[in-house]
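Some notes on the structure that comes next.
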Amino acid sequence: MSATRHNWTKEEILEIYNKPFMELLYEAATVHRLHHDPNVVQVSTLLSIKTGGCSEDCGYCPQAARYHTNIEGNDLMSLQQVKAQALRAKESGSSRVCMGAAWRNVKDGEEFDQVLEMVRSINKLDMEVCCTLGMLTENQAKRLAEAGLYAYNHNLDSSEEYYKEVISTRGYQDRLDTIDNVRKTNVTVCSGGIIGMGEKTEDRAGMLVALSTLNPQPESVPINALVAVEGTPLEDQEPVSIWDMVRMVATTRIVMPETQVRLSAGRTQMTREGQAMCFFAGANSIFAGDKLLTTPNPDVNEDMKMFELLGLNPQKPFTKKVQPQTIEANDSQYQALGEKPKWTRPDHTIERNELAKEKAKAIK
Ligand code: SF4
């Protein structure tokens, strides 16, 4: 079995990415078979527990308050609502619920306590629980771990160089520090990025260098194709071609053989044949449900029909790692510290983000 390497260079990754297509596909499929069951795909349900009104300026995101998009904002969901949605997700074949809140970073207080209760209640449903809540301190990561969190998502989005062209309100290092804080617990790391934001192939390779040289590598790497939403700075980006998507999935599979490669946003733009090529190239997870936070996603029944057609089976929960124990709030070793961490605010501006902000002001 090929050993996992943590010293990939950008040149090596570019060489893989640019291989003749059939050769790349064959190599990726071979690595995939050595490390995973090729007929098993993990299914996650993404739940937006707090939507919109975010203070950040991520150029791809309709939830940023400064842009004018058509999404409906919502305050933090109730525990009952989340539990009901998790049960529905379980019945439709999901093994994992990923809860997303449009926050810059986690703040100690009532809302975070409520999220901890959500984690406890979903773990008790014997489902893997993932959260994506923004930047996180070590103590907050430990509190989530005690509640029974299985995974924490924090995407690097792109290469460090291109990240600066998309987001100006926080730094790349803060993202790496958050991943590092998660690594101080037994919670697994989910971190990937988006292609189709106008980046060069070198940036795609640069992102894979940043992810693959982490030791350990993330247990899960989502590969998103940009869904260009009207009103966001990236609204005019051309859709990513399926060939680029397959190349990106295949390269990710080769440089991170053990990781779960997630086919994430952008699946509605792909045919079944295109998705089948991605599975062949090593993708072994999808997000189910008709929405991915705020952007469209294929219907669950459509996905199940595709699984049947391709002979794929949904992965059972806790196949890769044992279920974490839930410690109740009263017995917790870690309490809120009321920290006020100084996450970076870089001082550069991004012209297209500023333009989208001005346009939104004129409409509002
Ligand atoms: S991607 Fe997350 S942090 Fe960035 S604007 Fe959207 S919700 Fe906020």
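Readers should treat all values here as calculations from the given coordinates under stated rules, not as data from a laboratory. Note that the coordinates shown come from a computational prediction; the quantities given were computed from them, not determined experimentally. So basically every Cβ, Gly included, is an ideal-geometry build from the backbone, and we count neighbours across all protein chains shown.
General observations
- Cleavage-rule hits (trypsin sites (Lys or Arg not before Pro)) in the range 177-223: DSSP loop, at most 13 neighbouring Cβ within 10 angstrom: LYS184, LYS200
- Where labels lie 7 Å past Cα in the beta-carbon direction, separation of ASP113 and ASN74 in nm: 2.4 nm
- Taking every DSSP bridge with both residues inside the range 19-306, close to 10 percent are antiparallel.
- For the chain, cysteines whose Cβ has no other cysteine Cβ within reach (under 4.7 Å): CYS54, CYS131, CYS190, CYS278
- In nm, spacing of pseudo-spin labels at GLU230 and ARG88 (7 Å Cα→C-beta vector): 2.6 nm
- Selected from LYS342, LYS316, LYS90 as most flexible by GNM, with the chain as the system and alpha-carbon contacts under 10 Å: LYS342
- A full extension of the chain between GLU15 and GLU328 corresponds to an added length of 107.7 nm, given 0.36 nm per residue minus the alpha carbon distance.
- Expected 222 nm ellipticity per residue - DSSP helices of 4 or more, -39500 (n - 2.57), all of the chain, to 500: -11500 deg cm²/dmol
- Relative contact order [Cα under 8 Å, 6+ residues apart], the range 259-364, whole percent: 18 percent
- Kirkwood-based Rg to Rh ratio, the chain, C-alpha trace: 0.94
- Qualifying GluC sites (Glu not before Pro) in the range 49-122, where qualification requires a DSSP coil assignment and no more than 12 other C-beta atoms within 10 Å, comprise GLU72.
- Working ranking of peptides 270-276, 125-131 by packing, defined as the average number of other Cβ atoms within 10 Å per residue, highest first, is 125-131, 270-276.
- Of LYS10/LYS164; LYS107/LYS184; LYS19/LYS321; LYS10/LYS320; LYS19/LYS164, those spanning more than 24 Å from alpha-carbon to alpha-carbon: LYS19/LYS321; LYS10/LYS320; LYS19/LYS164
- Potential extension, THR271-GLU161 segment - 0.36 nm per residue separation minus Cα distance: 36.4 nm
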